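The values are calculated or read from the model by the stated rules, or taken from the named source; none is laboratory data. Keep in mind it's a predicted model, so treat the numbers as computed, not measured. Positions of Cβ are backbone-derived with ideal geometry, glycine not excepted, and every protein chain shown enters the neighbour counts. With ligands, DNA and RNA removed, areas are computed over all heavy atoms of the protein, side chains included. Shrake-Rupley method; radii C 1.70, N 1.55, O 1.52, S 1.80 Å.
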Amino acid sequence: MTKKEELYLYTLRLGDNALILSHRLSQLCSKGPILEEDLALTNIALDLLGRAQALLKYAGEIEGKNRSEDDLAYRREEKNYYNLLLTEQPNKDFAHVIARQLFISTFEFFLFQELEKSADTTLSAIAGKTIKEVKYHLQHASDWTIRLGDGTKESHDRMQSAINDLWMYTGELFEMNGIDLDLLTQGIAVDTIPLQKKWRDCINSVLNEATLFVPKDTYMQTGSINGVHSEHLGHILAEMQYLQRAYPDAKW
Amino acid sequence: MHNEHTDSHFQKRIDDGEHIEPKDYMPDGYRKHLIRQMSQHAHSEVIGMQPEGNWITRAPSLRAKQILLAKIQDEGGHGLYLYSAAETLGISRAEMIEQLHTGKAKYSNIFNYPALNWADIGAIGWLVDGAAIVNQVSLQRTSFGPYSRAMVRICKEESFHQRQGYEIMARMMKGTKDQQAMAQDAMNRWWWPALMMFGPHDIDSPHSGDAVKWKIKRESNDTLRQKFIDKTVQQAELIGLVMPDKDIKWNESKGHYDHGKIDWDEFHRVIKGNGPCNKQRLDHHINYFNEGAWVRDAAEAYKIKHLKEELVIA
Ligand SMILES: [Fe+2]
Ligand SMILES: [Fe+2]
C-alpha cells in the first residue's frame, strides 16, 4: 500500500466515525426527553456532521479520483466503511445514547489532542477545531452519566445496563493496524496504546461519581477496522443513501 | 383601585402604541388571549419539527443534511423562546404541554400534512416558513413586549429558512425530470394548505374584536394572505413551477394577484382532527414526552439530592 492509500484510509476511518455517529444522533431529532436536550443532541450531531464533511472531503482529495465528500458518503458500500462498531449501535434509550457518547467523546478528547500534533497539516487543523467541540460533548455526556447514575433507581439501572451493553465495543477504540503503524512512524497517525490508560482513568472517575460499576473485562468485539460491521450499518446506509442510489444522475 | 379605570388606562397605553410588559396591569382577557396564541405558536414550532424531521436521515447530500438539521434546531429554539415568553404571563411550560396533549391547545394546522418527497423540504421552507414570516413580520408590532421581541428575533431566522427552501426547489427544477416532478408534486400539495395558514376570509372572520382593539393582531387574514400570494407567485414562475390554481392572475386594477377558491371544507376537516397526520403528530409528541419521563425524574432527583448535600456542607 502506498503512503497515499494509507493516509486515505486513515482519514476515511476518522470521517466515517463522525458521519455514522452524527447520523445516529440525528435520528433523535424531535424525540428528546426535554426540548433543551433535543437541541443539545442536535448540536452534537451538527458538530460531527461538519467534521465528517471536512474529513471526507480531504480523503477524496488524497485519493485523487475526483470523488467528493458526498460520493464517499453516499456511494460507498458497507464493507468499505470503517467506522467503529460503537458509533453504529442503536439509540436503544437515552441511557444508551449517553453511554455511547461518553465512551466515544472521552476517547476523542485524547485522540484529537494528539492528532493536533500530526505532521499532516490538514489533519492537524481539523483536530484543532474538533477538540473544542469534543470538550463540550464530553462535558455533556459526563454530566448526564452522573445525573442518571445518581438519579433514581430506574435511571441508575438503565445507565448501568447501557454501560454494560456497550462495553464490549470499547476495545476497538484503541485498535491499530499496519496503516496506523506506518503513519505513526511518519508522525501522522496517533498512537492509541497510551490513550487506553487515560481513557480508563477518565471513565472510571465519571462512573465512580455516577455510583456506577465499571464492567468486568469481557471479550471485545472487533471488525470495523477491516470493514466488517454489525447488522445495523446496512440499515443506516440503506436509508442514508436512498436518494443518491435511486436517482444516480440527479444533483441535489 | 377601580378596575374600570385601570382597563381604560391600559387601553390608552395600547392606543398610544406602548408595549405592555409582563408586570404591567393587563385585563384578564388580554392575558388569556396571549397565552392561547403564544402557546399555540410555541407548539407549532415544536410539532413542525416532525414533518421535516421525517427527511433528516434521507437527506441527499451532507450539505443538505446539515442545513436541514440546523433548520429544525432553529425551530426547536423558536419553540423554547416562545414558551419562555408565554411563561412571563403566569403559565408554566408543563401546563402548556399538558394542554397540547389534552387537545385544549392547538398548533398550526399545516403540520398535519405529510412530507412525502425530498422536495417537500424545499416546499415547507419556502411556502410554510414563507407564510409564517408574513404573519410574524406583522406580529413584530404586536402590543405585548416579550411576544413582539420574540418575533423580531425569530423573523431573521425564518427568512433564512425561506431562502434555503426556495434554493432546494430551484435546484430541483434545474435537475432531472424526476426531480422536477417531485418539486411540482410538493408545490401542488403545499400551496393550498399554506394559503389556509392565514385563517378564514375576513368576511367570515371580521377583522375586529378584542385582538384588534388590543393590537395583538395588526392586520387582517386576507391582507396577510394577499401579501404572501403576491410575493410567491413570481418566485414560482421564475423557476418554472406551475401554480396549482388556474385562477391565479395578475389584477392590474387592484395591483394584486387574484386567486381561486380555497377549500374551506378541507380546512375545517383538518382543524377538527381529520387531517392526514393529526393523530400521528400528537401521538409522536405524547409518546416521546412520556418516554422521557424517567430522564426528567432522574435529573430532578439528582438536583434535589445534591442541593441537600450543599446545604449540609454549608
Ligand atoms: Fe420557526
Ligand atoms: Fe422556520
Those trypsin sites (Lys or Arg not before Pro) from segment B:222-308 that are DSSP loop and have at most 14 other Cβ neighbours within 10 Å turn out to be B:Lys246, B:Lys254, B:Lys261
Excluding same-chain residues fewer than 8 positions from B:Lys12, which lysines have a Cα within less than 24 Å of its Cα?
B:Lys23, B:Lys32, B:Lys213, B:Lys215, B:Lys217
How would segment B:88-193 be classified by its alpha-carbon gyration tensor: rounded, prolate or oblate, with rounded meaning a/c under 1.5 and the a/b versus b/c comparison settling the rest?
oblate
Using a cut-off of 16 Å between alpha-carbon atoms, which lysines can reach A:Lys197, once sequence neighbours fewer than 8 places away in the same chain are excluded?
A:Lys216
Grab the beta carbon distance between B:Glu300 and A:Lys198, set R0 = 35 Å, and tell me the FRET efficiency rounded to 0.05.
0.55
Compute the distance from the alpha-carbon center of segment B:1-54 to that of segment A:26-103, in whole Å.
42
Can you pull out the chymotrypsin sites (Phe, Trp or Tyr not before Pro) in segment A:133-206 whose DSSP state is coil and whose Cβ has at most 16 other Cβ atoms within 10 Å?
none
How many square angstrom of accessible surface are buried between A and B, both sides summed, with a 1.4 Å probe and rounding to 100?
4100
With loop defined by DSSP as not H, G, I, E or B, and exposure as at most 12 other Cβ atoms within 10 Å, which is the longest segment of chain A clear of exposed GluC sites (Glu not before Pro)?
A:78-230
Relative contact order [Cα under 8 Å, 6+ residues apart], segment B:14-269, whole percent
20
Of the heavy-atom accessible surface of chain B (probe 1.4 angstrom), what whole percent is carbon and sulfur?
54
What distance in nm separates the simple spin-label points at A:Glu209 and B:Ser253, each placed 7 Å from Cα in the Cβ direction?
7.5
The simple spin-label model distance between B:Ile203 and B:Ile271, using points 7 Å out along Cα→Cβ, in nm, is 1.7
Mind checking segment A:1-55 for trypsin sites (Lys or Arg not before Pro) that DSSP puts in a loop (not H, G, I, E or B) and that have at most 15 other Cβ atoms within 10 Å?
none
Near B:Lys249, which lysines are there with a Cα under 16 Å away, not counting those fewer than 8 places off in the same chain?
B:Lys227, B:Lys231, B:Lys261
Virtual spin-label span in nm between A:Ala238 and A:Asp165, 7 Å along Cα→Cβ:
2.1
Kirkwood hydrodynamic radius for the protein assembly as shown: how many Å is it when counted over pairs of different Cα atoms?
26.1
What residues have an amide H closer than 5 Å to that of B:Ile20, excluding those fewer than 5 places away on the same chain, when H is modeled at 1.01 Å from N in the peptide plane?
B:Phe144, B:Gly145
At 1.4 Å probe radius, can you tell me the per residue accessible area of chain B in Å²?
47
Rounded if a/c is under 1.5, else prolate if a/b is larger than b/c, else oblate: which is segment A:194-252, with a ≥ b ≥ c the root eigenvalues of its Cα gyration tensor?
prolate
Can you count the Lys pairs in segment A:60-184 whose Cα atoms are under 25 Å apart, with each pair 8 or more apart or on different chains?
7
